[in-house]
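Presented below is the structure to which this report refers.
Read the figures in this text as sums done on the coordinates, not as results from a lab. Predicted, not measured: the structure shown is a model, and the values here were computed from it. Because the Cβ atoms are built from the backbone with ideal geometry, glycine has one as well, and the counts that use them run over all protein chains shown.
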Amino acid sequence: MRRSAFALIFILLATSAGAVDCSMDLEAEEAKVRAARTCGEAHKIFVSCLWGSTADIQRGAMVKEKCEAVFLSALPTAQANAYRRKIEACGKKYARKDGTMYRSMAATCAADAAHAYWLKFGAGN
């Protein structure tokens, strides 16, 4: 039941995130995220093309790095510490869960947190 609910969430996210052409070629999907011009574009590609497995870990990390490059060095210490706690919480939240979908969920959580901080502290600020 949980897996089918999780799959439904991924399908809904993919269809609501906009028209992104996703493929079943992991290297091609990684190249798309890497080539994205902004954190927002990288995040949209990542969320639209989630696999729900460990295949999402690398692409999620790419999104996180792209977003952090814009805002992290400019964050005041208190906000930087809050951001790091959010990222750590993503890993802890699913650490005791078995299955590759939980690795995907942790990666998505971290990418979402980085994207949210980019929107608040980096996107045009």
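Please state the shape class of segment 30-90: rounded when a/c is under 1.5, otherwise prolate if a/b exceeds b/c and oblate if not, all from the C-alpha gyration tensor.
oblate
Rounded, prolate or oblate, given the Cα gyration tensor of segment 49-125, with a/c below 1.5 counting as rounded?
oblate
Could you pull out every one of the lysines with an alpha carbon less than 21 Å from that of K120, ignoring same-chain neighbours closer than 8 positions?
K44, K64, K66, K86
Full extension from A123 to L26: what is 0.36 nm times the residue separation minus their Cα-Cα distance, to one decimal in nm?
Gain in length upon complete extension: 32.1 nm.
Show me the ranking of peptides 29-38, 77-86 by mean Cβ neighbours inside 10 Å, starting with the highest.
29-38, 77-86
How long is the gain from A61 to E41 if the chain were fully straight, where each residue apart is worth 0.36 nm and the alpha carbon distance is subtracted?
Length gained between A61 and E41: 5.8 nm.
Express in nm, to one decimal, how much length is gained between A74 and A89 on full extension, taking 0.36 nm for each residue of separation and deducting their alpha carbon distance.
In short, 3.2 nm is gained.
Eigenvalues of the Cα gyration tensor times 5, then square-rooted: what semi-axes does that give for segment 81-125, in whole angstrom, largest first?
24, 11, 4
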